[in-house]
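Peer 1: Okay, here's the structure, questions in a sec.
The values are calculated or read from the model by the stated rules, or taken from the named source; none is laboratory data. The structure presented is a predicted model; accordingly, all values stated were derived computationally and were not measured. Positions of Cβ are backbone-derived with ideal geometry, glycine not excepted, and every protein chain shown enters the neighbour counts. Note: areas computed on protein heavy atoms with side chains; ligands, DNA, RNA excluded. Shrake-Rupley method; radii C 1.70, N 1.55, O 1.52, S 1.80 Å.
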Amino acid sequence: MLELLASRHRVTLASFVTGREPEEGRDHIRGLGVDVHVVVLPPFLSLARTAMALPTATPLQLAYYRSGRMNRLVDRLSASCPFDATIVQMIRMTPYGLRVPTGRRIAFLADSYGLAMGRRAAVEHGLRAAVTRLEASRIAPYEQDIAIRYDRTWLVSPADLAGFPRTSWPRIDIVPLGFPDRLLQCPIDREPGARLLFVGHLGVPHNVDSAQVLAREVLPAIRARRPDATLRLVGADPSPVVRALHAPPGVIVTGFVPDLAAEFAAAHAFVAPLRFASGAQNKIIESLAAGVPVITSSIAAAGLGATGERDLLIADDSAAIADRVVRLLADEGLRADLGRRGRAFASRGFRWSNILTALERAESEAPVVHSIGQSSVI
């Protein structure tokens, strides 16, 4: 996204870091011509701010990311250069975008977090379920308020409009994301095998949940009929729960890999039992573009606008997922057919240039008079 924006615009990035990010990543972004500014987010201080927000109406993740240093950075950058547009990525950063006094303000929420939290609350248990319900009750109205206070709100899937009142829909753009073109070079026809793949940031709740379902429920049911089946869990920052799933030869937790194309090219099926995600999952878009047959949940398929049995396979419980995987592994013709149709589906509407189109549309609209800092929530 930064590479695309920097090809047409002068871009300044203000971002939190935790200190775990590789320095070469920051250098790579600077190499694109982006002016990079970072603020360290101290985890213990963030947890303290989150605890202090419990008796208030503030969404907990906004409290976690509350930072005087980020406020001062945004104010300093705004004073030094009148920006033509401010794109704020994810709900947690929206308070900072409201501090920028000029230009178009765009909230790139990607997914409806309120919708996702509501779905997550339905599958959690105990204290975790209670906290999730609490956050869902706070984040949904805040998210709806942001869609009114920002000039434009970007979502990646029309299915997520359900998380917003119809009165805000005219200010919301659907901006489907894209995939690296090199994935289109992955072969459709592959050697026989039973290598299953799941890709995602392995520290976020919906991916951690999917990894556990795959390793503990789905894979054992598959290996009862296909003992050669293996599962690769690929992605950055695997949580301790995910790392504990590593049990060769059946389950391999790789962590971050530099080349996802190689993982896609070697996979026979991409399995994503997402139970409480929202939006259009880029991991699935990339799998389809790479020609890997996909088995996923009805929620994830709806976010993509995909049709079951045509673009991918849909199943919502572990037994049904295992059945579809076994069926797919046994039928080379079906795998190749689904791979071709999935690639055609991904190629029709998912491209990164949609971001430039949406930005140009926002810049062409009449100016909006802003009211800064009057929200009772932040």
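Peer 1: Can you list residues from other chains, or at least 5 along the same chain, whose modelled amide H is less than 5 Å from the amide H of Ala85?
Peer 2: Arg104
Peer 1: Need the C-alpha centroid separation for region 325-361 versus region 179-195, integer Å.
Peer 2: 12 Å
Peer 1: How big is D for region 129-202, in µm² s⁻¹ as a whole number, if Stokes-Einstein is applied with the Kirkwood radius of its Cα pairs at 37 °C and 0.692 mPa s? All intermediate terms of the calculation are to be shown ahead of the outcome.
Peer 2: Working: Rh = 16.2 Å.
D = 203 µm²/s.
Peer 1: With no solvent and one point per C-alpha, what does the Debye sum give as log10 I(q)/I(0) for the chain at q = 0.10 Å⁻¹?
Peer 2: One equal scatterer on each Cα of the chain leads to -0.68.
Peer 1: Calculate the dipole size of region 233-378 relative to its Cα centre from +1 charges on Lys and Arg beta carbons and -1 charges on Asp and Glu beta carbons; express the result in debye to the nearest 20. Mind dumping the intermediate values first?
Peer 2: Values: 13 positive and 15 negative charges, 29 e Å.
So the dipole magnitude of region 233-378 works out to roughly 140 debye.
Peer 1: Same structure, new question: Based solely on C-alpha atoms, express the radius of gyration and the Dmax of region 243-323 in angstrom.
Peer 2: For region 243-323, the Cα radius of gyration and maximum Cα-Cα distance read 13.1, 36 Å.
Peer 1: Moving on. Around Asp173, which amide H atoms from residues at least 5 apart in sequence, or from another chain, sit under 5 Å from its own amide H, with H modelled in the peptide plane?
Peer 2: Hits under the 5 Å cutoff: Thr153, Trp154, Leu155.
Peer 1: Any idea what the dipole of the chain comes to, in debye rounded to 20, about its Cα centre with Lys/Arg Cβ at +1 and Asp/Glu Cβ at -1? Display every interim value, and only then the final one.
Peer 2: Working: 44 positive and 37 negative charges, 124 e Å.
Using only the charged Cβ atoms, the result is roughly 600 debye.
Peer 1: Would you kindly find the accessible area of His37, with a 1.4 Å probe and non-protein molecules such as ligands, DNA and RNA excluded, rounding to the nearest 10 Å²?
Peer 2: Rounded to the nearest 10, the figure is 40 Å².
Peer 1: Run the Debye formula on the Cα coordinates of region 307-357, all scatterers equal and no solvent, and tell me log10 I(q)/I(0) at q = 0.26, 0.30 1/Å.
Peer 2: The computed values of log10 I(q)/I(0) come out as -0.98, -1.12.
Peer 1: Can you give the Rg to Rh ratio of region 1-96, both from alpha-carbon atoms, with Rh computed by the Kirkwood formula?
Peer 2: Working: Rg = 14.8 Å, Rh = 14.8 Å.
Using only Cα positions, Rg/Rh for region 1-96 is 1.00.
Peer 1: Also, I was wondering about something else. Within the chain, what's the longest run with no GluC sites (Glu not before Pro) in a DSSP loop and at most 14 other beta-carbon atoms within 10 Å? Give the range, please. Walk me through the numbers on the way to the answer.
Peer 2: On the way: sites that count: Glu309, Glu365.
By the stated rule (loop sites, at most 14 other Cβ atoms within 10 Å), 1-308.
Peer 1: Assuming a viscosity of 0.890 mPa s and a temperature of 25 °C, what translational diffusion coefficient in µm² per second does Stokes-Einstein assign to region 83-211, Rh being the Kirkwood radius over Cα pairs? Numbers along the way, then the final one.
Peer 2: Numbers: Rh = 17.0 Å.
Stokes-Einstein gives a translational diffusion coefficient of 144 µm²/s.
Peer 1: Considering only DSSP states other than H, G, I, E and B, which trypsin sites (Lys or Arg not before Pro) in region 203-245 qualify as loop sites with at most 14 other Cβ atoms within 10 Å?
Peer 2: Numbers: sites: Arg216, Arg223, Arg225, Arg232, Arg243; in loops: Arg225.
Within region 203-245, the qualifying trypsin sites (Lys or Arg not before Pro) (loop, at most 14 other Cβ atoms within 10 Å) are Arg225.
Peer 1: Among Val17, Ala48, His28, flag the residue with its Cα farthest along the positive direction of the charge dipole of region 1-69, charges on Cβ as +1 for Lys/Arg and -1 for Asp/Glu.
Peer 2: After comparing all options, I get Ala48.
Peer 1: With springs only between Cα atoms under 10 Å, which of Thr254, Thr296, Thr153 fluctuates most in a Gaussian network model of the chain?
Peer 2: Result for the chain, Cα springs under 10 Å: Thr254 fluctuates most.
Peer 1: Provide, as a two-decimal number, the C-alpha radius of gyration of region 222-378 over 2.2 N^0.38 Å, N being how many residues it has.
Peer 2: On the way: Rg = 19.3 Å, N = 157, 2.2 N^0.38 = 15.0 Å.
Dividing the Cα radius of gyration by 2.2 N^0.38 Å gives 1.29.
Peer 1: Would you work out what percent of the accessible area of the chain, with all protein chains in place, is carbon or sulfur (probe 1.4 Å)? Can you show the working numbers first?
Peer 2: Numbers: 9750 of 17160 Å².
With neighbouring chains kept in place, the figure for the chain is 57 percent.
Peer 1: Let me have the 222 nm mean residue ellipticity of the chain computed from DSSP H runs of 4+ only, each contributing -39500 (n - 2.57), with the sum over all residues rounded to the nearest 500.
Peer 2: Details: 17 runs with 163 residues, N = 378.
Only helices count here, giving -12500 deg cm²/dmol.
Peer 1: Where in the chain are the helices, taken as whole DSSP H runs, whose Cα atoms extend 20 angstrom or more along the long axis and whose Kyte-Doolittle mean reaches at least -0.5? Please report the intermediate quantities before stating the final value.
Peer 2: Working: long enough: 126-149 (35 Å, -0.10); 332-349 (27 Å, -0.89).
Counting only whole DSSP H runs, the qualifying helices are 126-149.
Peer 1: Tell me, how many Å apart are the Cα centres for region 2-71 and for region 219-260?
Peer 2: 30 Å
Peer 1: Let me ask something else. If we count every other residue with Cβ under 13 angstrom of Leu77's Cβ, Lys/Arg +1 and Asp/Glu -1, where does the sum land? Could the numbers behind the result be given before it?
Peer 2: On the way: positive: Arg10, Arg69, Arg72, Arg76, Arg99; negative: Asp35, Asp75.
Residues close to Leu77 contribute a combined charge of +3.
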